[in-house]
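Structure record follows, encoded as structure tokens.
The values are calculated or read from the model by the stated rules, or taken from the named source; none is laboratory data. This one's a predicted model, so the numbers in the text were calculated from it and none came from an experiment. So basically every Cβ, Gly included, is an ideal-geometry build from the backbone, and we count neighbours across all protein chains shown. For accessibility, only protein heavy atoms count, side chains too; no ligands or nucleic acids. Shrake-Rupley method; radii C 1.70, N 1.55, O 1.52, S 1.80 Å.
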Amino acid sequence: LNVTEEKFVLDTLAGCIEYKSLLDVVVNAFFVRDGRYCLISERNLYIVICYLATFQLEELGLQQFSRIVKSLDTAKMQKFLRFFFNALYLNTWIKDEWSKFYDSPYVKENWIDPLLRWQPKVQQLIEQLTDKLSNRTTTVKTSRVTQPEEFNLTVPKPRAIPVPLPIGVLEKSLPVPPSTYKPPKEKKQLEKIKTKNRRKAQTHYVQQQLFLIAVTKCLFILFTSTNASSPSQSASCSYQDLLFTYLLVLIDNIPIKLNAAAILREGALYQRKMEQELKRVENLLRGARDPSEFLEWQKQMRGKDLEEQLAEIECRRLQGKLSYEEAVLAHQNVVQENKKKADLMREEKAELMHQYAEKRLQEQKEMRELVEQVVEGHKNAKQAKIKLQKYKQQIVQEVCEENRELLRQALEDEEEKLTKRYELIQQIRAIASLPSLRHKFVDLTETGGHGLICEMSIVELRERLALLREAQKAAEEEKRDQIIHEKQAKEQLLLEKLDQISMFRAELGRAAALKQEEKKRKSQPGERPMKDERILNLQKKIVEKTMERKKQAGLL
């Protein structure tokens, strides 16, 4: 190469290395979007073209740049330039990505604005490349048509007719056993058991229904007899009480299957009740009073408190209803006031819109004057830009020379590192090639020799494990015997508890029957609670407010 060509090549290489991060952004995006089907081996070609278009276009000039582009593949260059000189891409994501590495005003002034300025001229170059692609004529080579020739094959000999194989006679198969067509015996037995259980359930259901019908008839007769004449009243009442007690005993003696926890729980309950009853009897024997009178007084007082609470609840409900009626009236008054305010707001809005329109017209006049001033300022700014470009070109040349020296130093450092690594790898391979002892003989009667007090050989360890297993088996057998004894004791305790429960249930049934008789004797008609004066006053107020609300709604 000439001196000038060598300098141009070195400057281009240094620039590509210096601005690698910026160029990678554009080339990577090109391979993702428009260059999906381009070869990765052509990546450096696109990097160089991107560098020349961004940093060297003003020095080279459009004519020299177009000569470089046209000397390369037309389709690839047309695709890449159309992608890179897209004004939308330059103003959006390319500018944003380059601003991550350099300041955004510096990027805009030095790189994006020059590219946008060259964009119309480069667009003409792209159109020339597209025209060249569309007018390209493909020369098709005329190939000679192949003439098929027949194969020189040997004539096959006629095949001999094969001897037919003898047809084998099948052996007689065993007949199907008759048991396959007969149902199994187990099925018949299951059907018999099913029919038997069904009959038993039907008879039990019929008996239950008959018993219920008889009980209802008896109750109906007793009810009619109580409403009849007085001579037979005492006999009917006694018969009715006897029937009621009989039904209670029947209900209490229904067999219920209980588990162990339920039996123990019920036994503890009855035991607690028995202890309480014994304490009560002891207290009475010592001279304590019977708390029945106090309990009755307490019941009456609780009834009065309950009536007062119900009256208070009713008052609160009526007060809530009254406040609702008042709120509805207040809402209607607010609606009327809001209508008046809305009319005033509309009038104010019309006045404000008129003022805004006048202000807008004045601002438009001021903006026109500003635009004229800015246009005059742009004309003076072009000369300052030309001076800046010359100064920047000098700075770039100085930076390129410094980069070359740095590259040479970096290459020397890398060579030194590679030589050191090569020497280390040779030493490691030499150490790995030395032979090593792989076989080791083990004696099971010897210890490890680590110098610990609890060291033992494998043989001793096995003997100790065998002794431990025997001791574990003996402990398991003892525990099993203990569990069996505990189980038997628990079963005995459950049987005793069941006997106690049955006895207590019978006694409780009798006590319940007696208590029911006493309740019937003492029962009297209760007094109806009178209404509170506060409730009546609130109801009157609610009626008045509803009438007022309806009148107000009619007016609205």
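For the range 3-135, the Cβ-based charge dipole about the Cα centre amounts to some 440 debye (Lys, Arg positive; Asp, Glu negative; other atoms uncharged). Note on the chain: with neighbouring protein chains present and a 1.4 Å probe, carbon and sulfur make up 58 percent of its accessible heavy-atom surface.
What you get for the chain, charging only the Cβ of Lys and Arg (+1) and of Asp and Glu (-1), is a dipole of about 3600 debye around the Cα centre. A 1.4 Å probe run over the chain, with the rest of the protein chains in place, finds 87 Å² accessible per residue. With 0.36 nm allotted per residue and the present C-alpha distance subtracted, the Lys172-Tyr356 stretch has 54.7 nm of extension available.
Please give the helix 260-286 orientation as an angle from the longest Cα principal axis of the chain, in degrees from 0 to 90, rounded to the nearest 10. Tilt of helix 260-286: around 50 degrees.
Of the labelled figures (1) 28.4; (2) 94.6; (3) 34.3, only one reflects mean projected area of the Cα convex hull in nm² as derived from the coordinates, namely (2).
A Förster radius of 41 Å combined with the Cβ-Cβ distance from Glu544 to Arg521 puts the calculated FRET efficiency at roughly 0.20. Computed on protein heavy atoms with a 1.4 Å probe, the accessible areas place Tyr106, Tyr181, Tyr19 in the order Tyr181, Tyr106, Tyr19, largest first. Peptides 28-41, 47-60 ordered by packing proxy, namely the average of other Cβ atoms within 10 Å per residue, highest first: 47-60, 28-41.
Between the C-alpha center of the range 469-506 and that of the range 333-395 there is a gap of 98 Å. Compared with the dominant Cα axis of the chain, that is its longest principal axis, helix 20-32 is turned about 70°. In order along the range 161-171, phi translates into HN-Hα couplings of 6, x, 6, x, 6, x, 7, x, 8, 6, 6 Hz, rounded to whole numbers, per the Karplus curve 6.51 cos²θ - 1.76 cosθ + 1.60 with θ = phi - 60° and x for Gly and Pro. Computed with every protein chain present, the accessible area of His450 is close to 140 Å² [probe 1.4 Å].
Accessible surface for Glu544 stands near 130 Å², nearest 10, in the context of the full protein assembly shown (1.4 Å probe). With θ taken as phi - 60° and the Karplus curve 6.51 cos²θ - 1.76 cosθ + 1.60 applied, the whole-hertz 3J(HN,Hα) list for the range 199-210 is 4, 4, 5, 5, 4, 5, 5, 5, 4, 5, 5, 4 Hz, x standing for glycine and proline. Accessible area of His331 (1.4 Å probe, protein heavy atoms only, ligands and nucleic acids ignored): about 120 Å². When the Cα positions of Leu310, Ala268, Asn333 are compared along the charge dipole of the range 261-368, Ala268 comes out farthest toward the positive end, with charges on each C-beta of Lys, Arg, Asp and Glu.
Close amide-amide hydrogen proximity is noted between Tyr102 and no other residue 5 or more places distant or on a separate chain, at a cut-off under 5 Å (H modeled in the peptide plane; Pro and chain starts excluded). Measuring spread by the Cα atoms of the range 3-135 yields a radius of gyration and Dmax of 14.4, 45 Å.
Checked against a 25 Å cut-off, the cross-linked pairs Lys340/Lys551; Lys76/Lys382; Lys20/Lys95; Lys217/Lys520; Lys200/Lys497 give Cα-Cα distances beyond that limit for Lys76/Lys382; Lys200/Lys497. Figure note: Arg67, Arg404 ranked by solvent-accessible area, largest first, 1.4 Å probe, ligands and nucleic acids not counted: Arg67, Arg404.
Working note: Karplus 6.51/-1.76/1.60 with θ = phi - 60° gives the range 42-56 the couplings 8, 4, 4, 4, 5, 5, 5, 5, 5, 5, 5, 6, 8, 10, 10 Hz, where Gly and Pro are set to x.
Averaging Cα coordinates gives a centre for the range 118-136 and one for the range 536-556; these two points are 89 Å apart. Annotation: amide H of Leu72 has no partner in the under-5 Å range at sequence separation 5 or more or interchain, hydrogens built in the peptide plane.
Annotation for Val399 and Cys454: the two label points, set 7 Å from Cα along the Cα-Cβ direction, are 7.2 nm apart. The order of the peptides 209-216, 68-75 by mean Cβ neighbours within 10 Å, most packed first, is 68-75, 209-216.
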